Structures are given as structure tokens and as C-alpha cells.
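Here the structure comes first, spelled out in C-alpha cells, and everything after it is commentary.
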Amino acid sequence: MPLTPATRDRLMAGVAQLIRAGRHLSSRAATQLHGDLPSFGWSLLVPLERDGDLRCSALAAHAGVDGSVASRQLATLERAGYVERHPDPRDGRAALFRLTGRGADALATSRALRSAWARTALADWDDDDARRLAGLLERLVADIDVTGAQPRPEPAGATR
């Protein structure tokens, strides 16, 4: 059975609310734990932790921001001691960024707080429901990635 416009709109509204809640949670965690760790820090530090040293352009792509925005944000994180810059051995004109011990500690502390909040928020959930939701969210993200968020035209005769 195809998705109705009303269901699609309800789902997208729920996703938007989830994103807002996640952003709020991220900024609360950053403010509570590390007053000088900006809310954007998470989206730049996690790829460095996961993938190792990266160029600004790669970090911008991971964070979904323009390169100039990522450059300014990385400069802020560098001044705070969360990342360090060093020359790219394959191209001396370019720089790579590396997560510092202070940056790794900030991520670990933020993860612990996020986990505690999630434990509280999900206290009344059973594992089957949580697993089902996680799988559906993973599917939604994968489908969004595949389509590149390109809208499809409404089928002829569709009503809203």
C-alpha cells in the first residue's frame, strides 16, 4: 500500500522534531560539559575520531557545511585545543586536522551524558520497539542518501 500524503507529512514532521531535539540535546551536552566546545564541535570531531586525520574539505562534507564555514569552525576548535593542524604529507600545500586528547575526552564525556539522557528518555521502551525504530531510522537515512533528497514529482491525480 503506497504512503499517503498525510502519513508522509506526519513522518517528515516527526523527523524534523527529532532533528530539533537532537540539536538541542547536542548543545545542552556541549554547554554542560565543555562550555568552550561549540555545538558544531560534535559534527567535526566525530569524523576525526572515526576516520583519523582529514582535510577541511572532507570534514565540511561530513558536517554538511560549506568549506569556509568548516574552516572557521575548525579554527575555533584548534584554538580551544580539540584539534591540531599539520601538513598533509601527500600535498604540502594542504593541511590535515587531527583529534587531540582533549578533543577525544570531550567526545567521550559528551557520549556519556547523551547515553544517560537516552537511558532516561527510553526507560519505558522495550528492546524490540527500540530495535525496530533504530532499523527504520537507518532505512530512512539510507533512502534519503540514495535519493540525494531530490524530490519526485507527485503522481498524476494525487491529492494532498
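The values are calculated or read from the model by the stated rules, or taken from the named source; none is laboratory data. Please read all numbers here as calculations on a predicted model, not as lab measurements. Please note: Cβ atoms are built from the backbone with ideal geometry, for glycine as well, and neighbour counts cover all protein chains shown.
Overview of results
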quantity	calculated
Pair list, Cβ < 9 Å and 6+ apart or interchain, from the stretch 71-90 residues that are crowded, with 16+ Cβ neighbours inside 10 Å to residues that are of a type in the set (S, T, N, Q) and not in a loop (DSSP other than H, G, I, E, B)	Gln73/Ser43; Tyr82/Thr76
Those residues of the stretch 112-123 which are more than 14 Å from Arg28 (Cβ to Cβ) and surrounded by 13 or more Cβ atoms within 10 Å (Cβ to Cβ), in sequence order	Leu122
Residue that is surrounded by the most Cβ atoms within 10 Å (Cβ to Cβ) [pool: residues in the stretch 38-68 that are touching a residue at least 12 places away in the same chain (Cβ under 8 Å), charged (D, E, K, R) and within 22 Å of Ser110 (Cα to Cα)]	Asp53
Residues of the stretch 115-160 that turn out to be charged (D, E, K, R) and modelled with pLDDT of 90 or more, as a count	10
Residue selected from the stretch 78-114 under the condition within 14 Å of Glu49 (Cα to Cα), in a helix (DSSP H, G or I) and aliphatic (A, V, I, L, M), by the criterion modelled with the highest pLDDT	Ala104
